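The values are calculated or read from the model by the stated rules, or taken from the named source; none is laboratory data. All values reported here derive from a predicted model rather than from experimental measurement. We place every Cβ from the backbone using ideal geometry, glycine too, and count neighbours over all the protein chains shown.
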Amino acid sequence: MAIIGDIRKRSGLLVGAIALSIFLFLLGDAVNNQFSVLGKGRSNDAGTVNGQTIPYPEYSNQVNDNVKNMEAQYKMTIGDQQRNAVSQQTWDDMVNKIVMNDACANTGLAVSDDEMVALTTTDAAHPIIRQPFGGERFNPAYVKQFLQNIDIDEKGQEPGYKKKAWNQLVKEVKKSQLQSKYSLLVAHGVGNVPNWMAEDLYFAANKSADFKYVALPYSDVNDNDIKYTDNDLKEYLNKNAAKFTSPEEVRNIRYVAYDIAASSIDSLATLKSLTDKLDEFKKGDKKADDSLFVKLYSETPFDDMYKTKEQLLGSAIADSAFNPSVPLRTVIGPYVEGGAFKFARISARKMMSDSVKVKEVVFTFANVKTEAEQKSRLVLIDSLYKAIDSLHTDFGAVAAAFSDDPASKGNGGVVGWVKLADPQMDEYYKSIVFHNGEIGKTYKYLDANNNLIKFVQIAEEKPSKMGVKIAYFSHSIIPSQETENNIYSTVNQFASANSTEEKFKAFMKDHPQDIKTAANITKGSYDVMGLGSARALVKWVFDAKRGDVSPIKTLDKKHIIAYLEAVSGKGTPDLESVKERVKMMYLQDKKYDILAKKIADAKATTVDDLAAKLNKISLEADRVTFMNANLPTGNEPAVAATGVYLAQGKMSGAVKGISGVYVVQKINGVDPPKPVDLTQQTMMLKQNSYMKARAAADALKKLAKIDDNRLYFEGGN
């Protein structure tokens, strides 16, 4: 608070104060990280990264802050799945921060205070700063004004919200700048392309061949003709461990799901609750009547924006709503949509414009340094608004005299044509300009993101398509308590009858149509395939032993009984956990051996001879290169490489392909001339190097020792 107050009193020291603010913030962040190390007990740790703990309260608070920021940005309450995504992104960011800080410390990379000032408060501001402070119309003055008023909370915001949001932006800028520096450092290390590499790339793309080949598909050998034991599969797994190694523990389940769904009796009761008030819904004469009724009785809020037919595409009422022969105020329904019974009333219709010519008077607060100055400016703005709105003072004259937008003030405040599809435009501005505004009327608009107040006036519009406002009277179709009890009773009977591995597997064998599979569940999983948000189930999965059957797990609108079928530990898994994958690859290798022997036993001297002896067709592939491995039978890199680099006229041995075993005979080869200019190849290799450099953070993360304990806090009991 003292720093920000000092900024307001001494605007001349603004940049220096900002630098000090950033330094103290970053210092505090570092000190907090040091103190977090003291709490080493798992009971308070979300996890560890390279030995450094991430306390769960710190992680949880950051998740909550990120959720609040997201909800404020999009002006909506996010659901479970979005929150899960935010939680995972928060964890990834915290892990990446530690990993990158360690890497940067080892290389001496840092972001200085002067850099942070430049990246946050000057024309060279980082995109993370530019976006919330004007985007393409960014002005450093917006940032400075925000910082001058950072300790003045806006109405409706929690205390300290501005400081918290600013600190988060500073964190993101510093993290991004460090990552950019590290990536650049890596790029310099791997971006030096030797001439021989460029030449190899040139020949790989241009050395080509025409060849004949015979394909023996793996399907020619029946799986049942290959005999094997579990010991054979274990030996194969041990010899090919790298193909099955996992960077983290993965578990698979089979499960039975019971939907918690409404009965037909529940549906009829829901419909009756609507029809009992339907006459009252039909009585309203004005849009305001619809809005009030919906607010009091409907689960679907009234949307004061017009919708085009494209926006209602797929809705049961789209055709009726836009049919001119259906009168305004008509009630349509009942119908079922989104799990609810609905009646829809055509509340309003009008022709809409895709673009509108707008005038603005813009007021900034960039030079406002005290609360008194702020109040004085607000009084001036109110008086000017009344002068235009009530006294009909010329809009252009007010713009010329008072607007802080140099681009439009000399043009009568005309901004130009704005488009409905502009992603930078917020919903309130759209509501004024495209939906509810009238030509020539003046509206006051608060641009909260950029700390601006605007007078907005529609100068001209070009109506081109019909829009409608719909009032929805809706109630969700939900199961009654009696229905829920009946469903739970059925689930409980199943759980009791199939509570062991033996019984559950017997049920799976007898009722395969009722069994679902969810694979690749990790400790960090929030969603489970086919079930959505299921953190509590994930916790059971990692508390259980392979072969365990779960108690009843209740998720969103489902009861689940799960069987833990496979556990693949970090590193090489046991056979049971990856048996199907091992078996598939083992069988393919054995089929290759059988088909390769069949080829050798044929003792053919040409591909045509081999095709005749094996009752196959010889095929031709033209102008195949090492980098273009598409054959008439599919993409086969090993076969293409064999054909390109064979000697003229020579026939290959058996080549193991993706879909079968091949034999190739080269007909003709084209060697390109020695390259004169390798600029293109060098650029391609450099771009590839830069891509690898950008992936440096991911590579460091894979090398880091990361323990993720969040599941112990987030999965319930």
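How do the pairs read when you match residues in the stretch 290-318 that are β-branched (Val, Ile, Thr) with residues anywhere that are part of a helix (DSSP H, G or I) and surrounded by 14 or more Cβ atoms within 10 Å (Cβ to Cβ), using Cβ under 9 Å and keeping only pairs 6 or more apart or on different chains?
Sorted first by the residue in the stretch 290-318, then by its partner, the pairs are Val294/Phe281; Thr300/Val294.
Which of the residues spanning the stretch 274-333 are among the aromatic types (Phe, Trp, Tyr) and either touching a Pro at 6+ places or on another chain (Cβ under 9 Å) or part of a helix (DSSP H, G or I) (or both)? Spell out the reasoning first.
Going residue by residue through the stretch 274-333, those that are among the aromatic types (Phe, Trp, Tyr) are 281, 293, 297, 302, 306, 322.
Once the filter is applied, which keeps residues that are among the aromatic types (Phe, Trp, Tyr) and either touching a Pro at 6+ places or on another chain (Cβ under 9 Å) or part of a helix (DSSP H, G or I) (or both), the stretch 274-333 yields Phe281, Phe293, Tyr297.
Give all pairs with beta carbons closer than 7 Å in which a residue from the stretch 530-549 that is in contact (Cβ under 8 Å) with a residue 12 or more places away in the chain and hydroxyl-bearing (Ser, Thr, Tyr) meets a residue that is assigned to a helix (DSSP H, G or I) and buried (at least 17 other Cβ atoms within 10 Å of the Cβ); count only pairs at least 6 apart in sequence or on separate chains.
Taking only residues 6 or more apart or on different chains, the pairs are Ser533/Asn84.
Need the failing condition index for Glu482 against (1) assigned to a strand (DSSP E or B); (2) farther than 17 Å from Val418 by Cα, just the number.
Every condition holds for Glu482 apart from (1).
Could you give every pair whose Cβ atoms fall below 7 Å, whose first residue belongs to the stretch 604-627 and is over 16 Å from Asp220 (Cβ atoms), and whose second residue is among the polar types (S, T, N, Q) and modelled with pLDDT of 95 or more, counting only separations of at least 6 or pairs across chains?
Final answer for the pair search is Thr606/Gln665; Val607/Gln665.
Would you be able to say whether some residue in the stretch 10-22 is modelled with pLDDT of 85 or more and not in a strand (DSSP E or B)?
Taking every residue of the stretch 10-22 in turn, none turns out to be modelled with pLDDT of 85 or more and not in a strand (DSSP E or B).
Pick out the one residue from Lys598, Lys583, Lys591, Lys579 that is within 30 Å of Asp708 (Cβ to Cβ), in a helix (DSSP H, G or I) and of a type in the set (Lys, Arg).
Result of the check over Lys598, Lys583, Lys591, Lys579: Lys579.
Go through the stretch 365-390 and give me each residue that's in contact with a strand residue (DSSP E or B) (Cβ under 7 Å, 6 or more places away or on another chain) and more than 16 Å from Gln145 (Cβ to Cβ).
The answer is Tyr385, Ile388, Asp389.
Listed here are the residues, each with its yes/no results for (1) surrounded by fewer than 18 Cβ atoms within 10 Å (Cβ to Cβ); (2) modelled with pLDDT under 95; (3) touching a Lys or Arg at 6+ places or on another chain (Cβ under 7 Å).
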site	(1), (2), (3)
Val582	no, yes, no
Asp593	yes, no, no
Leu610	no, no, no
Ile617	yes, yes, no
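What are the residues in the stretch 218-258 that are basic (Lys, Arg) and part of a loop (DSSP other than H, G, I, E, B), if any?
Residue satisfying the conditions is Lys227 alone.
Out of (1) on the phi > 0 side of the Ramachandran plot; (2) within 36 Å of the chain's Cα centre (by Cα), the odd one out for His392 is which?
The one condition His392 does not meet is (2).
Which condition breaks for Glu576 when tested against (1) touching a Lys or Arg at 6+ places or on another chain (Cβ under 8 Å); (2) buried (at least 19 other Cβ atoms within 10 Å of the Cβ); (3) not β-branched (Val, Ile, Thr)?
(2)
Tally up the residues in the stretch 499-523 that are modelled with pLDDT of 95 or more, in a loop (DSSP other than H, G, I, E, B) and touching a strand residue (DSSP E or B) at 6+ places or on another chain (Cβ under 7 Å), please.
Total satisfying the criteria: 3.
So, in the stretch 495-528, exactly how many residues are surrounded by 12 or more Cβ atoms within 10 Å (Cβ to Cβ) and either touching a His at 6+ places or on another chain (Cβ under 9 Å) or aliphatic (A, V, I, L, M) (or both)?
Looking only at that region, the number is 8.
Regarding the stretch 571-579, can at least one residue be identified that is β-branched (Val, Ile, Thr) and either over 13 Å from Val663 (Cα atoms) or not assigned by TED's automatic domain parsing to the domain that holds Asn224 (or both)?
So far as the stretch 571-579 goes, yes, one or more of its residues are β-branched (Val, Ile, Thr) and either over 13 Å from Val663 (Cα atoms) or not assigned by TED's automatic domain parsing to the domain that holds Asn224 (or both).
Within the stretch 333-351, can one find any residue that is in contact with a helix residue (DSSP H, G or I) (Cβ under 7 Å, 6 or more places away or on another chain), closer than 24 Å to Ala400 by Cα and hydrophobic (A, V, I, L, M, F, W, C)?
No; the residues of the stretch 333-351 include none that is in contact with a helix residue (DSSP H, G or I) (Cβ under 7 Å, 6 or more places away or on another chain), closer than 24 Å to Ala400 by Cα and hydrophobic (A, V, I, L, M, F, W, C).
Quick one: would you say Lys171 is in contact (Cβ under 8 Å) with a residue 12 or more places away in the chain and within 26 Å of the chain's Cα centre (by Cα)?
When the stated conditions are applied, Lys171 passes them.
Pairs only if they're at least six apart or on different chains, beta carbon under 7 angstrom, first in the stretch 253-269 and at pLDDT 95 or above, second among the acidic types (Asp, Glu); list them, first residue then second.
That search, which allows pairs on different chains as well, returns Ile253/Glu565; Arg254/Glu565; Val256/Asp514; Ile260/Glu484.
Name the residue that is nearest to Asn709 (Cα to Cα), counting only residues in the stretch 69-87 that are crowded, with 16+ Cβ neighbours inside 10 Å and at pLDDT 85 or above.
Top of the filtered list is Ser87.
Would you point out which residue out of Ala242, Ala215 is without any contact (Cβ under 8 Å) to a residue 60 or more places away in the chain and of a type in the set (Gly, Ala, Ser)?
Of the residues listed, the single one that is without any contact (Cβ under 8 Å) to a residue 60 or more places away in the chain and of a type in the set (Gly, Ala, Ser) is Ala242.
Considering only the stretch 96-139, state which residues are small (Gly, Ala, Ser), over 25 Å from Lys162 (Cβ atoms) and assigned to a helix (DSSP H, G or I).
Ala103, Ala105
Can you find, within the stretch 315-340, the residue that is surrounded by the fewest Cβ atoms within 10 Å (Cβ to Cβ) among those that are under 24 Å from Ser267 (Cβ atoms) and polar (S, T, N, Q)? Give the derivation first.
Initially, the stretch 315-340 is screened for residues under 24 Å from Ser267 (Cβ atoms), giving 315-318, 320, 331-340.
From what's left, polar (S, T, N, Q): 315, 320.
Working: Ser315: 18, Ser320: 16.
Ranking the qualifying residues of the stretch 315-340, first place goes to Ser320.
Would you mind stating whether Asp259 is of a type in the set (D, E, K, R), under 30 Å from Asn498 (Cα atoms) and surrounded by fewer than 16 Cβ atoms within 10 Å (Cβ to Cβ)?
In short, yes.
I'd like to verify a number: residues in the stretch 682-717 that are among the small types (Gly, Ala, Ser) and modelled with pLDDT of 85 or more, how many?
Within the stretch 682-717, residues that are among the small types (Gly, Ala, Ser) and modelled with pLDDT of 85 or more number 1.
Which numbered condition trips up Asp153, out of (1) closer than 19 Å to Gln374 by Cα; (2) in a helix (DSSP H, G or I)?
Here Asp153 clears every test but (2).
I need a count of the residues in the stretch 262-312 that are among the charged types (D, E, K, R), surrounded by 15 or more Cβ atoms within 10 Å (Cβ to Cβ) and touching a helix residue (DSSP H, G or I) at 6+ places or on another chain (Cβ under 7 Å).
So the count comes out to 3.
Cβ-Cβ below 9 Å, separation at least six or inter-chain, first residue in the stretch 51-72 and in a strand (DSSP E or B), second among the acidic types (Asp, Glu): which pairs?
Note: pairs meeting the criteria are Gln52/Asp102; Thr53/Asp45; Ile54/Asp45; Pro55/Asp45.
Just checking: which of the helices (runs of 4 or more DSSP H) contained wholly in the stretch 360-458 hold 3 or more residues that are surrounded by fewer than 19 Cβ atoms within 10 Å (Cβ to Cβ)?
371-389, 395-402, 427-430
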